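Below you'll find the structure, written out as structure tokens, and then a few comments.
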Amino acid sequence: MTTPELIVIGGGPAGMMAAGTAGERGASVLLIEKNPRNGKKLLITGKGRCNVTNDCDRDVFFSHVPVNPKFLYSAFSRFGNRDVMAFFEQRGVALKVERGSRVFPVSDKAADINDALIGYCRDSGVRILRDTVTDILCEDGQVTGVQTESHGAIGCRTLIVATGGLSYPLTGSTGDGYRFARTAGHTIVPPMPSLVPLVAAEKDCRDMQGLSLKNVAITVTEADSGREIYTDFGEMLFTHFGVSGPVILSASSHMRDGRKKYLLSIDLKPALRPEQLDARIQRDFSENINKNFGNSLAKLLPQKMISVIIKRTGIPFDTKVNMIRREQRLTLVETLKHLTFTIVGFRPIEEAIITSGGVSVSQVNPRTMESRLMKGLYFAGEVLDVDAHTGGFNLQIAFSTGRCVGMAASERMGHTL
């Protein structure tokens, strides 16, 4: 095999962007991917639709990056969200902007984004090798190549590690990059799940398993101090273990202290003030004046939720509607506006969308993504200790760091456009 100037380990969004960028500038690039196809994890993002980026301004973007946002300033300024949108549209992928400024392909197919990246690599002359890197090779403070399972040692002048984190290990994200980084002397911030479903103490969640709610508001507070740490509006889902869905995944990234208990309060009717909701309930009651309380809530709530709400109010199921007192009605209002659950933990890191933690950014040059400890070694994407909320922000980080590292690595070897 011809010795490449640059090897990229990992064929995900960051790796493909890095490889294509360097190849486009004239570098001899070999991308090594252990899966039969590039972008295996990318294909399942956004429920298979691929939330490419977020069409927001710079300040809003960085407000959605809770971990080491300053590290990304340079990379984002060189290749930001509007640049990513232009990149894919120039390659024939029409995009659309949905609620929350989330950007998707018009086709709603993640495969279109993946195919555009694969095509970019091909057009840039990148060679793709299906193999597993078992180790990186270094000598006298300089990267010299990689060791692979099937092709033995392959030399190079420059190496980019874009292997992802620990989430969704079936897609190939098995933490290899952390091991490679340690070989070069890097500190690894302990990985933990981010954008992950939450475990609740209450059995009520299991009773409502499979129920999806739209247009609800949530508030997360610390159980001991009562300090509010996050609010959001959108969709969520009840599961056998607790709660999941977009607003829950975003909330999880704010719940960093695994030793603490958190309270999740759900406003089921955020468009109505308490007095408006009370008036609505009174209208429903007037139409069901002779029915049991338990049979009067069908217009107000999903069927799976009715028994849970009744239990929470303490009003007996068979109480006649015309016998319900004002105080009981207001208890119902309070329950609907503040349906509260005790969050006692996270689901395993394998179920997380994103891994928080990774290569310490203090040991990486933010302008180039090059290691400060090993010459010729670069990092991109989720392997770094940088992560963001759901909404296209994490893919943007992958694209920004991938572009940055591809440019820097090719320039190091004397290649520029």
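Values in this text are rule-based calculations from the coordinates and carry no lab data. Every value quoted in this text rests on a predicted model; they were computed, and no experiment measured them. So basically every Cβ, Gly included, is an ideal-geometry build from the backbone, and we count neighbours across all protein chains shown.
Observations, loosely collected:
- Think of segment 27-136 as a dipole: +1 on every Lys or Arg Cβ, -1 on every Asp or Glu Cβ, centred on the Cα centre; then among TYR120, CYS56, PRO105, PRO105 lies furthest on the positive end.
- Were the residues from THR331 through ARG58 laid out at 0.36 nm apart, the gain over their Cα-Cα distance would be 93.9 nm.
- What the phi angles of segment 46-52 give under the Karplus curve with 6.51, -1.76 and 1.60, with θ = phi - 60°, is a coupling list of x, 6, x, 9, 6, 7, 4 Hz, glycine and proline written as x.
- Cβ-placed point charges (K, R +1; D, E -1), dipole of segment 197-346 about Cα centre in debye, nearest 20: 260
- Gain upon complete extension [ILE229, LEU373; 0.36 nm per residue less C-alpha separation]: 48.2 nm
- Placing unit charges on the Cβ atoms of the charged side chains and taking the dipole of the chain about its Cα centre, the candidate lying farthest along the positive direction among PRO246, PHE285, ALA86 is PHE285.
- Relative contact order for segment 127-230, counting Cα pairs under 8 Å that sit 6 or more residues apart, in percent: 12
- Viscosity 1.306 mPa s, 10 °C: Kirkwood-radius Stokes-Einstein D of segment 119-272 over Cα pairs, µm²/s: 82
- Looking at segment 1-82, the trypsin sites (Lys or Arg not before Pro) that sit in a DSSP loop and have at most 13 other Cβ atoms within 10 Å of their own Cβ are ARG37.
- Base-10 log of normalised Debye intensity for the chain (one unit scatterer per alpha-carbon) at q = 0.08, 0.14 Å⁻¹: -0.50, -1.14
- Förster radius 56 Å - calculated FRET efficiency between ASN290 and SER77, Cβ distance, rounded to 0.05: 0.25
- Ascending count of other beta-carbon atoms within 10 Å, so fewest first, for VAL361, VAL383, VAL133, VAL60: VAL60, VAL361, VAL133, VAL383
- Net charge of Cβ neighbours under 15 Å - reference ARG127; Lys, Arg +1; Asp, Glu -1: -3
- Distant-in-sequence amide H partners of PHE346 (H built 1.01 Å from N, under 5 Å): VAL199
- A DSSP coil position with no more than 14 other Cβ atoms inside 10 Å describes the following trypsin sites (Lys or Arg not before Pro) in segment 191-243: LYS203, ARG227.
- A dipole drawn for the chain from +1 and -1 charges on Cβ atoms has a positive end, and of LEU213, ALA162, GLY10 the residue lying farthest that way is LEU213.
- About its Cα centre, the chain has a charge dipole of approximately 860 debye under the convention of +1 per Lys or Arg Cβ and -1 per Asp or Glu Cβ, with nothing else charged.
- For VAL216, the residues whose amide H sits under 5 Å from its own are GLY234, ignoring neighbours fewer than 5 places away on the same chain, with H placed 1.01 Å from N.
- Comparing ASN35, ASN51, ASN81 in a Gaussian network model of the chain (Cα springs below 10 Å), the most mobile by mean-square fluctuation is ASN35.
- Take every DSSP beta bridge whose two residues both sit in the chain; close to 75 percent of them are antiparallel.
- Cut-off 17 Å, label 7 Å out along Cα→Cβ of LEU43, residues of segment 77-114 by amide N: 108-114
- For segment 240-252, putting each phi into the Karplus relation 6.51 cos²θ - 1.76 cosθ + 1.60 with θ = phi - 60° gives couplings of 5, 9, x, 9, 8, x, x, 5, 6, 4, 5, 4, 4 Hz, in residue order, rounded to whole numbers and with x for Gly and Pro.
- Counting only DSSP H runs of at least 4 residues, each contributing -39500 (n - 2.57), and dividing by the residue count of the chain, the helix-based mean residue ellipticity at 222 nm comes to -9000 deg cm²/dmol.
- When the GluC sites (Glu not before Pro) in segment 250-332 are filtered for DSSP coil states and for at most 16 other beta-carbon atoms within 10 Å of their beta-carbon, no site remains.
- Karplus 3J(HN,Hα) series, Hz, for segment 343-356 with 6.51 cos²θ - 1.76 cosθ + 1.60 (x for Gly, Pro): 8, 10, x, 10, 5, x, 4, 5, 9, 6, 6, 10, 9, 8
- Least to most buried among VAL344, VAL308 (fewest other Cβ within 10 Å first): VAL344, VAL308
- Fewest-first sequence of MET413, MET374 by Cβ atoms within 10 Å of each Cβ: MET413, MET374
- All C-alpha pair distances within segment 1-120, sorted into 10 Å bins from zero, spread as 12, 39, 37, 11, 1 percent across the bins.
- Close amide H pairs (under 5 Å, H built 1.01 Å from N) link ALA352 with TYR168, residues at least 5 positions away or on another chain.
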